[in-house]
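J.: Mind looking over this structure? Questions follow.
The values are calculated or read from the model by the stated rules, or taken from the named source; none is laboratory data. Because the structure is a prediction, the values reported are computed rather than measured. Reconstructed Cβ throughout: ideal geometry from the backbone, glycine too, with neighbour counts over all protein chains shown. To get the accessible areas, we keep the full protein, side chains included, count just its heavy atoms, and leave off ligands, DNA and RNA. Shrake-Rupley method; radii C 1.70, N 1.55, O 1.52, S 1.80 Å.
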Amino acid sequence: MKFFVDTADVAAIAELNDLGMVDGVTTNPSLILKSGRNILEVTKEICDLVAGPVSAEVVALQADEMIAEGRKLAAIAPNIAVKVPLTWDGLKACKVLSGEGFMVNVTLCFSANQALLAAKAGATFISPFVGRLDDINLDGLDLIADIRTIYDNYDFDTQILAASIRTVNHIADCAKIGADVITAPPAVIKSMASHVLTDKGIDQFMKDWAKTGQKIL
Ligand code: E4P
């Protein structure tokens, strides 16, 4: 499973990238706002740092304007994936932009039928939002499983990019279901390394080691 980092924070991306944990990056207008940076400048910086796909989102709502914005974003670097919303206009933009050879990430997916349409429109990635479904007492992981079944039934190439990941359990569950990619905030990816029994074990080993009076270095 590929790990994308869901942030426009260049320092946080660099830290994970140095460890080989970054297969790509996703951004959205809210993350650009949080970064306080210019979208074109920060996206270029991220594309220079990371070899994999970097999603940059259009903000137009009409297909023609989405296509124009998508072409401008795609011109930033060859590893841009143009992110379009899952609306009828977004699907039109997806069809045109993917036909021109650009990677397209269709975002804000909340149903299996939406995912089916995105695959037929040539999406490179479909982004179902797990956490936002959980927020309204639906099961975001059920949606990932449904899309996996549908895409496998018909051999669609569109990659399932599980988004709106809030917890480490979301990541393990998405891996078990067979999502192709997860995108998660840096803090969630880093917390995958934590376990209370690891901390407890280190504490005990340190206490026992001190009693030996030995040193390794
Ligand atoms: C990424 O592509 C999505 O925009 C992001 O994962 C949404 O996450 P949120 O629901 O936590 O804002």
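J.: At 7 Å along the Cα-to-beta-carbon direction for both LYS2 and ASP64, put a label point, then send me their distance in nm to one decimal.
T.: Output for this residue pair reads 3.3 nm.
J.: Also: Let's test the formula: R0 of 41 Å, r as the Cβ-Cβ distance of GLN214 and ARG166. What FRET efficiency results, to the nearest 0.05?
T.: 0.40
J.: Per residue, how much accessible area does the stretch 19-169 have with a 1.4 Å probe, in Å²?
T.: Accessible area per residue, the stretch 19-169: 47 Å².
J.: What is the helix-to-structure angle for 196-212, meaning the angle in degrees between its Cα long axis and the longest Cα principal axis of the chain, kept from 0 to 90 and rounded to the nearest 10?
T.: With rounding to tens, the tilt is 30 degrees.
J.: With a 1.4 Å probe and every protein chain kept in, tell me what percent of the accessible surface of the chain is carbon plus sulfur.
T.: Numbers: 6410 of 11340 Å².
Using a 1.4 Å probe with all protein chains present, the chain comes out at 57 percent carbon and sulfur.
J.: Taking only Cα atoms, what is the 0 to 90° angle, nearest 10, from helix 63-74's long axis to the longest principal axis of the chain?
T.: For helix 63-74, the angle is close to 50 degrees.
J.: Fully extended, how many nm does the chain gain between ALA75 and LYS190 (0.36 nm per residue separation, minus their Cα-Cα distance)?
T.: 38.2 nm
J.: How tilted is helix 88-99 with respect to the longest principal axis of the chain? Cα atoms for both, answer in degrees (0 to 90, nearest 10).
T.: Roughly 80 degrees between the two axes.
J.: Could I ask something else about it? Let me know the Kirkwood hydrodynamic radius for the chain, please, with Cα pairs as the basis and the value in Å to one decimal.
T.: Hydrodynamic radius (Kirkwood, Cα only) of the chain equals 18.3 Å.
J.: Turning to a different aspect of this structure: For the stretch 13-26, just list the computed ³J(HN,Hα) in residue order, Karplus coefficients 6.51, -1.76 and 1.60, θ = phi - 60°, integers in Hz, with x standing in for Gly and Pro.
T.: 5, 4, 4, 6, 5, 4, 8, x, 8, 10, 9, x, 9, 10
J.: Could you pull out every one of the aspartates and glutamates with an alpha carbon less than 13 Å from that of LYS200, ignoring same-chain neighbours closer than 8 positions?
T.: The qualifying aspartates and glutamates are ASP208.
J.: Just to be sure I understand: with springs between alpha-carbon atoms less than 10 Å apart, which residue in LEU33, LEU97, LEU73 has the highest mean-square fluctuation in the Gaussian network model of the chain?
T.: Largest GNM mean-square fluctuation: LEU33.
J.: Oh, and also: Could you name the aspartates and glutamates whose alpha carbon sits less than 13 Å from that of LYS34, not counting residues in the same chain fewer than 8 places away?
T.: Straight-distance partners of LYS34: ASP6, ASP9.
J.: Quick query: amide H of SER55 versus all other amide H atoms, modeled in the peptide plane; which residues come in under 5 Å with a sequence gap of 5 or more or a different chain?
T.: VAL25, THR26, THR27, ALA81
J.: Once every Cα of the stretch 1-128 carries one equal point scatterer and solvent is ignored, give the base-10 log of I(q)/I(0) from the Debye formula at q = 0.15 Å⁻¹, two decimals.
T.: Values, matching the q order: -0.63.
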